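K.L.:
Below is one structure. I have some questions about it.
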Amino acid sequence: MEKTDILSMNKEELTAYIVSLGEPKFRAAQIWGWLLKGADFSEMKNLPAALRTKLAENAFVATAKIVRKLVSKDGTIKYLYEMHDGEKIESVLMRYKHGNTICISTEAGCPMGCAFCASTLKGLSRRLLPSEMLSQIISTQKDTGERVDGIVLMGIGEPLDNYDNVLKFLRLVGSPDGLNIGYRHISLSTCGLVDRIGKLAEENLAITLSISLHAADDETRSSLMPVNKKWNIEQLLTACRAYFEKTGRRISFEYTLVRGKNDTVKDANKLADVLYKYCSGMPLHVNLIPVNNVVERGFLPSEKSGIEAFASTLEGRRITATVRRTLGSDIDASCGQLRAEHGI
Ligand code: SAH
């Protein structure tokens, strides 16, 4: 018999489950409190031993077990976590003055095949359960003793490829009964699964959507991101506009600067043109990411002067541009550097 994934349940589901085991409702509240602290059934001391045994026989608590922990000079922590079946994923805790943000993985491996990214080198191994996304946060809070204030779904995997589990996770994490992390402090990044962007717009979640754009013409984008052959820039940006119109939420565009590929002033103007063509009337914000090193890939970041020229060209076109601060580069914890097994 397959065991019940208890950490993927919301409070009502958990209560119904506990009642179905013939137990009184108040036990659910006790168990819920323990689960948020990262306890396993054996540690739930205020439950009768017989109930702990019954739970362990019928259910499991997803855990993210620390296999390796690296701390960067800048305070960023990268965890290599192991799931119950041995799958490994990474999470990164970034410490800012305004609070702690965790970057979590949504899949073990990634099916999308972007040319510059380490996470996709071995393809998709499997999708993570809602509980396995939650457990990355719970384990990190337990390890550091610090609260996580914000979440970015920008680790390994494509969140919209694991749509139902990601949505369940978002509702669990945002619940006032649960970790209670406000949707405004959550960002979801996608390489551009257009059909799912449309679906997400209907969910009424005040999260921030980030779009990995990375190029302003289809030829360049298709060479960097295979997904562009399925949904091109016009389709993607049209979906972004519809998302904005439906939700009123601003969208952030991510643009990785790769030397000699997409980083000239001409490219910056082309980017501004395409954003105005399909997204005029929307607040336009571009997050520039100088490409991070991935040994197997060999792309080089743009020169500092080139990055500045790119950003000021966008600003001159009234598009706000920020250059993403590179955190944790000394521990390979920056964008696109997360992977399962490297160095193990
Ligand atoms: N699959 C989602 C979530 C990953 S988020 C997505 O594609 O958006 C990680 C971000 O880092 C994405 O914008 C991704 O394109 C970017 N990225 C990947 N590899 C990178 C690299 N080597 N340097 C800089 N950014 C990279």
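K.L.:
Are any residues in the range 48-62 surrounded by fewer than 18 Cβ atoms within 10 Å (Cβ to Cβ) and in a loop (DSSP other than H, G, I, E, B), and if so, which ones?
P.N.:
PRO48
K.L.:
Suppose we keep only residues that are assigned to a loop (DSSP other than H, G, I, E, B) and near the ligand (Cβ under 9 Å from one of its atoms) within the range 125-157. Which one would you say is surrounded by the fewest Cβ atoms within 10 Å (Cβ to Cβ)?
P.N.:
Checked the range 125-157; the qualifying residue surrounded by the fewest Cβ atoms within 10 Å (Cβ to Cβ) is MET154.
K.L.:
Can you tell me which condition LEU160 does not meet? The list is (1) closer than 23 Å to ILE289 by Cα; (2) modelled with pLDDT of 95 or more; (3) within 15 Å of the ligand (Cβ to nearest atom); (4) in contact with an Asp or Glu (Cβ under 8 Å, 6 or more places away or on another chain), and all the others hold.
P.N.:
(4)
K.L.:
Just the residues that are of a type in the set (A, V, I, L, M) and farther than 16 Å from GLU203 by Cα, please, taken from the range 233-279.
P.N.:
Once the filter is applied, which keeps residues that are of a type in the set (A, V, I, L, M) and farther than 16 Å from GLU203 by Cα, the range 233-279 yields ILE233, LEU236, LEU237, LEU257, VAL258, VAL265, ALA268, LEU271, ALA272, VAL274, LEU275.
K.L.:
Hey, could you check the range 69-98 for residues that are part of a strand (DSSP E or B) and without any contact (Cβ under 8 Å) to a residue 60 or more places away in the chain and say which is farthest from the ligand (Cβ to nearest atom)?
P.N.:
Selected residue: GLU82.
K.L.:
Sticking with this one: If I filter the range 291-303 for residues that are of a type in the set (A, V, I, L, M) and away from the ligand (no atom under 15 Å from the Cβ), do I get at least one hit?
P.N.:
No, every residue in the range 291-303 fails to be of a type in the set (A, V, I, L, M) and away from the ligand (no atom under 15 Å from the Cβ).
K.L.:
Still on this structure, please answer the following. Considering only residues that are touching a helix residue (DSSP H, G or I) at 6+ places or on another chain (Cβ under 9 Å) and farther than 24 Å from ALA268 by Cα, which ones fall in the range 288-344?
P.N.:
If the condition is that a residue be touching a helix residue (DSSP H, G or I) at 6+ places or on another chain (Cβ under 9 Å) and farther than 24 Å from ALA268 by Cα, then GLN337 is the only one that fits.
K.L.:
I'd like to verify a number: residues in the range 178-222 that are away from the ligand (no atom under 14 Å from the Cβ), of a type in the set (D, E, K, R) and buried (at least 20 other Cβ atoms within 10 Å of the Cβ), how many?
P.N.:
Qualifying residue count, the range 178-222: 0.
Okay, residues lined up against (1) assigned by TED's automatic domain parsing to the domain that holds SER223; (2) within 12 Å of the chain's Cα centre (by Cα); (3) within 20 Å of THR4 (Cβ to Cβ):
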position: MET133; (1), (2), (3): yes, yes, yes
position: VAL148; (1), (2), (3): yes, no, no
position: ILE151; (1), (2), (3): yes, yes, no
position: LYS168; (1), (2), (3): yes, no, yes
position: TYR183; (1), (2), (3): yes, no, no
position: THR190; (1), (2), (3): yes, yes, no
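K.L.:
Residues VAL173, VAL148, VAL152, VAL166: which one is under 29 Å from THR220 (Cβ atoms) and touching a helix residue (DSSP H, G or I) at 6+ places or on another chain (Cβ under 8 Å)?
P.N.:
One residue alone meets the criteria, VAL166.
K.L.:
Which residue is farthest from the ligand (Cβ to nearest atom), if the candidates are limited to the range 307-343 and must be at positive phi and surrounded by 14 or more Cβ atoms within 10 Å (Cβ to Cβ)?
P.N.:
Checked the range 307-343; the qualifying residue farthest from the ligand (Cβ to nearest atom) is GLY328.
K.L.:
In the range 223-233, which residues are over 21 Å from the mean Cα position of the chain (by Cα) and closer than 12 Å to ASN262 by Cβ?
P.N.:
If the condition is that a residue be over 21 Å from the mean Cα position of the chain (by Cα) and closer than 12 Å to ASN262 by Cβ, then SER223 is the only one that fits.
K.L.:
Also, I was wondering about something else. Could you list, in sequence order, the residues of the range 99-124 that are under 21 Å from ASP143 (Cβ atoms) and part of a loop (DSSP other than H, G, I, E, B)?
P.N.:
ILE104, SER105, THR106
K.L.:
If I filter the range 319-330 for residues that are part of a helix (DSSP H, G or I), in contact (Cβ under 8 Å) with a residue 12 or more places away in the chain, more than 15 Å from ALA118 (Cβ to Cβ) and of a type in the set (Asp, Glu), do I get at least one hit?
P.N.:
Among the residues of the range 319-330, at least one is part of a helix (DSSP H, G or I), in contact (Cβ under 8 Å) with a residue 12 or more places away in the chain, more than 15 Å from ALA118 (Cβ to Cβ) and of a type in the set (Asp, Glu), which makes the answer yes.
K.L.:
Next question. Could you run through the range 241-278 and say how many residues are in contact with a Cys (Cβ under 7 Å, 6 or more places away or on another chain) and crowded, with 18+ Cβ neighbours inside 10 Å?
P.N.:
1
K.L.:
Within the range 68-75, is there a residue that is at pLDDT below 95, in contact with a strand residue (DSSP E or B) (Cβ under 7 Å, 6 or more places away or on another chain) and of a type outside the set (A, V, I, L, M)?
P.N.:
yes
K.L.:
Continuing with this model, one more query. When you look at ALA118, is it crowded, with 20+ Cβ neighbours inside 10 Å and in the same structural domain as LEU327 (by TED's automatic domain parsing), yes or no?
P.N.:
yes
The values are calculated or read from the model by the stated rules, or taken from the named source; none is laboratory data. In this text, all values refer to a predicted model and were calculated from it rather than measured experimentally. Methodologically, a virtual Cβ is constructed for each residue, glycine included, from the backbone with ideal geometry; neighbour enumeration extends over all protein chains shown.
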